[in-house]
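Structure provided below as structure tokens; questions to follow.
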Amino acid sequence: MSDAVTAKLLDLAKQAHGTVQVGFIDSDQAPIAFWNEFGHKGRFPSPPRPFFRTMVSNESGKWHQMMAGELKRSHMDGHRTLAFMGEEIESALKQSIIDLTAPPLSQTTLRLRYKFGNNPQNIRARDVVQAQRDVAAGEPVASGTQAKPLIWTGDMLNSTGWKVTD
């Protein structure tokens, strides 16, 4: 970006008010997203699956040019520009959730998905222990899209959002 554009953006930033938030805003999926992003320990631990940090790392370098372009298109309408950025960043976040494939799910998780379908709310600790036994016995496990991390029920994917605040 040229020094003139940077200077203009800095000048506009001093005059502008408002922020855009993107993520799991006011969503009951926020803790689940956090546990997936950073992993968790405990009786049934899960490794980190950094979909959010990966998206920020991959996309944030483009944001200043996107914002500059939208400011120009919107005739310096800050609210419209922040809304545009919210939509674009949310779209990238959803794509990051869809694209994540590693680390793969455990065989126990795949067995639970096979056995419980799209009803994870029905899984109890005893079911996890039984799934571990089933895996050891060679019982079938989920495959295809059911074997993909982060998109089992679609709840997390459908709980992303954005909002502009003053």
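The values are calculated or read from the model by the stated rules, or taken from the named source; none is laboratory data. Bear in mind that the values here come from a model prediction, so they are computed numbers and not experimental data. Glycine gets a Cβ as well: all are built from the backbone with ideal geometry, and neighbour counts include every protein chain shown. Please note that ligands, DNA and RNA were not included when accessible areas were found on the heavy atoms of the full protein model with its side chains. Shrake-Rupley method; radii C 1.70, N 1.55, O 1.52, S 1.80 Å.
Return the carbon/sulfur percentage of the accessible area of the chain, one whole number, probe 1.4 Å, all protein chains in place.
54
Pairing the Cα long axis of helix 51-73 with the longest principal axis of the chain, what angle in degrees results, from 0 to 90 and rounded to the nearest 10?
Helix 51-73 and the main axis of the chain meet at about 30 degrees.
What does the accessible area of Trp162 come to, in Å² to the nearest 10, when a probe of 1.4 Å is used?
Result for Trp162: roughly 80 Å² accessible.
Just the projected area, averaged over all directions, of the convex hull on the alpha carbon atoms of the chain: how many nm²?
One quarter of the hull surface, i.e. the mean projection, equals 11.4 nm².
What is the calculated FRET efficiency for Val129 to Thr54, with r their C-beta to C-beta distance and R₀ = 35 Å, to the nearest 0.05?
Computed FRET efficiency for Val129 and Thr54: 0.60.
Give me the distance between the Cα centres of segment 81-117 and segment 138-166, rounded to whole Å.
Computed from Cα coordinates, the inter-centre distance equals 5 Å.
Between Asn119 and Ile98, how many nm apart are label points set 7 Å from Cα along the C-beta direction?
2.9
Taking only the alpha carbons of segment 43-112, what extent do you get along each of the three principal axes, in Å, biggest first?
So the extents along the principal axes, rounded to whole Å, are 54, 20, 19.
Only Lys, Arg, Asp and Glu count, each charged at its Cβ (+1, +1, -1, -1), so figure out the dipole size of the chain about its Cα centre, rounded to 20 debye.
580
Can you list the HN-Hα couplings for segment 155-163, worked out from phi with the Karplus curve (6.51, -1.76, 1.60; θ = phi - 60°), rounded to whole Hz and with x for Gly and Pro?
In residue order, the calculated couplings are 4, 5, 4, 7, 9, 6, x, 8, 8 Hz.
Still on this structure: In Å², and per residue, what accessible area does segment 16-151 have when probed at 1.4 Å with the other protein chains present?
Computed with neighbouring chains in place, this is 59 Å² per residue.
Among Gln107, Val56, Val129, pick out the residue whose Cα is farthest towards the positive end of the charge dipole of segment 19-141, where Lys and Arg carry +1 and Asp and Glu carry -1 on C-beta, about the Cα centre.
Val129
Just to check I understand the Karplus step: with θ = phi - 60° and J = 6.51 cos²θ - 1.76 cosθ + 1.60, what whole-Hz values come out for segment 107-122, glycine and proline as x?
4, 5, 4, 5, 5, 4, 5, 5, 7, 9, x, 8, 10, x, 5, 8
Could you compute the longest span of the chain free of trypsin sites (Lys or Arg not before Pro) located in DSSP loops and having at most 10 other Cβ atoms within 10 Å, not counting the site residues?
44-123
With all protein chains present and a 1.4 Å probe, how do Thr81, Thr145, Thr153 order by accessible area, largest first?
Putting Thr81, Thr145, Thr153 in descending order of accessible area: Thr145, Thr153, Thr81.
So, one more: Which residue fluctuates the most in the chain, going by a Gaussian network model with Cα springs under 10 Å, if the choices are Pro104, Pro149, Pro120?
Result for the chain, Cα springs under 10 Å: Pro120 fluctuates most.
For segment 36-44, what does the Karplus curve 6.51 cos²θ - 1.76 cosθ + 1.60, with θ = phi - 60°, yield as ³J(HN,Hα) per residue in whole Hz, taken in order and with x for Gly and Pro?
5, 4, 10, x, 7, 9, x, 4, 10
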